[in-house]
1. Roughly how many Å is it from the Cα centre of the stretch A:63-131 to that of the stretch A:136-213, as a whole number?
2. Pick from B:G199, B:G64, B:G80: which residue has the top mean-square fluctuation in a GNM of chain B where Cα pairs under 10 Å get a spring?
3. Using only alpha-carbon positions, what ratio does the radius of gyration of chain A give when scaled by 2.2 N^0.38 Å?
4. Mind checking how much accessible area A and B bury in total, 1.4 Å probe, in Å² rounded to 100?
5. Taking only the C-alpha atoms, wrap a convex hull around chain B and report its volume per residue in Å³ as a whole number.
6. Report, as an integer, the average count of C-beta atoms from other chains found within 10 Å of each Cβ along A:43-54.
7. Given the peptides A:163-170, B:109-116, B:191-198, B:139-146, arrange them by the average over their residues of other C-beta atoms within 10 Å, most packed first.
8. Can you pull the one-decimal nm distance between simple spin-label points at B:D117 and A:T56, each 7 Å off the Cα toward Cβ?
Amino acid sequence: MSLAKRIIPCLDVDNGRVVKGVKFVDIRDAGDPVEIARRYDREGADEITFLDITATHHDRDTIVHVVEQVASEVFIPLTVGGGIRTLDDIRRMLNAGADKVGINSAAVFNPEFVQQAADKFGSQCIVVAIDAKKVSAEGEPNRWEIFTHGGRKSTGINAVEWAIKMQDYGAGEILLTSMDRDGTKSGFDLPLTRAISDALTIPVIASGGVGNLDHLADGIIDGKADAVLAASIFHFAEYSIEQAKLHMQSRGIEVRL
Amino acid sequence: MSSVVVIDYGMGNLHSIAKALQHADSGVNVQISADPKTIAAADRVVFPGVGAMRDCMQALHETGLAEVIKQVANSKPLLGICLGMQALLTDSEEGGKIDCLNLFPGHVRRFADDLTDSNGERLKIPHMGWNQVQQLPHPLWQSIPQNSRFYFVHSYFAAPDNQQDCIATSDYPQPFTCALAKDNVFAVQFHPEKSQTVGLQLLQNFLRWDGAN
């Protein structure tokens with residue numbers, strides 16, 4: 001009996017609607033983040049992450065309203081990422097009812113921002129999101145670098161070293177996305193996940209590439225992740241969160257049922 | 001209508017707790033306040049908190065709320081949550097040694113960095129996620145199954161001197177005290193406001209508790 005490994009469904013939200021090639025069978029909750037969050041809560045999600053991909057700044061109020069609505073009826077931890085650049089952005093999200101915020105490119109451009117955020121609000125609510133891509137050639141020792149702009153721009157920063165630095169700066173958790181695997185449904189980059197998890201004392205959430213339930217279990221068992229994040233396999237209602245947990249349990253992983 | 005006040009001293013996400021209390025019992029008047037008079041007038045008080053103990057104790061002393069909390073602890077049902085539980089002990093080793101409110105004799109200690117589980121897997125710090133809670137008899141556990149999972153996020157834990165103050169434990173990997181109780185005071189390390197059904201049940205039990213054991 002001990003701590004359960006977490007399953008975290010992620011909702012990509014654009015202007016208040018859930019997106020990412022989503023073709024809902026259930027018409028009633030098609031694209032409504034509040035409805036979907038409710039369903040995930042009922043199915044036993046351990047946390048819910050909202051990734052705001054709204055392009056324009058003034059439309060960001062939408063995500064605040066979404067979080068407010070979800071937080072007034074869903075009582076599990078909520079994380080909001082996307083466009084978090086200032087301490088004020090963080091305060092707004094926390095006041096709306098988020099428990100954690102995900103900081104991604106703002107950390108790359110200004111690492112001290114992570115330090116300031118952790119000092120101000122506590123490490124427990126600072127999740128640093130890392131988008132990494134393999135840069136080593138076939139046959140060479142593995143090496144991954146941080147990429148920005150949705151995986152298009154290299155920064156030249158070593159991903160493992162960066163993760164350690166973010167931990168030192170006060171990150172409470174790392175959300176690690178493999179840009180090689182994101183959207184491929186071919187499973188997590190397990191060597192990457194393991195390299196980062198082994199290097200850190202803080203929890204690591206594996207993300208990017210989940211296409212079936214074995215991928216989730218692999219992320220925990222082989223990748224040594226503390227939590228697994230997935231979007232499309234749950235949106236499509238291919239699998240429910242409960243099914244995912246039962247499968248993980250059948251592979252010997254402790255889950256909350 | 002009975003009332004509950006969530007103490008506002010600038011530490012943590014009070015809105016989540018207020019929303020969860022309201023959801024647990026829509027017939028209760030839920031307020032967030034830093035005003036000693038409002039707190040003194042309430043039927044029940046919730047003492048939340050996340051962040052660093054040094055900032056927490058500094059804020060409690062600067063606002064005069066440290067004394068208010070001690071008075072509440074002598075007079076009506078009080079629920080401490082997370083840092084609001086740790087602050088009830090004698091002192092904390094977080095950031096050196098910080099004197100706390102001393103309502104429960106004992107210390108707040110950090111988890112060791114080299115913890116491993118029974119399979120030899122390294123355990124991360126903070127202890128973050130859903131862990132099982134082993135209850136000892138108390139009215140606030142009513143209708144909550146033994147070994148239910150609650151949501152935790154913390155790197156420090158309470159080590160009370162008096163074993164009878166411990167009212168629940170959790171394993172990481174060794175058992176640690178995750179809830180304290182004495183007279184009309186109850187305190188939990190986990191976050192009931194983020195622990196779904198069982199958390200809401202605990203809050204509802206608190207909102208109906210008269211402080212007796």
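1. Taking the Cα centre of each part, the stretch A:63-131 and the stretch A:136-213 sit 20 Å apart.
2. Checking each option, the largest mean-square fluctuation is seen for B:G64.
3. On the way: Rg = 17.1 Å, N = 257, 2.2 N^0.38 = 18.1 Å.
Relative to the 2.2 N^0.38 Å estimate, chain A comes out at 0.94.
4. On the way: alone 11520 and 9640 Å², together 18290 Å².
So the total buried area for this chain pair works out to about 2900 Å².
5. Numbers: hull volume 22.7 nm³, N = 213.
Per-residue hull volume (Cα only) is 106 Å³.
6. On the way: counts 0, 1, 1, 5, 5, 0, 0, 0, 0, 0, 0, 0.
Per-residue shielding by partner chains comes out at 1.
7. Values: A:163-170: 19.0, B:109-116: 12.8, B:191-198: 24.2, B:139-146: 15.4.
Highest to lowest by the protection proxy: B:191-198, A:163-170, B:139-146, B:109-116.
8. A separation of 4.7 nm, rounded to one decimal place.
The values are calculated or read from the model by the stated rules, or taken from the named source; none is laboratory data. Since this is a predicted model, take the numbers as computed values, not measurements. Backbone-built Cβ (ideal geometry, glycine too); neighbour counts: all protein chains shown. Side chains included, ligands, DNA and RNA excluded: accessible areas come from the protein's heavy atoms. Shrake-Rupley method; radii C 1.70, N 1.55, O 1.52, S 1.80 Å.
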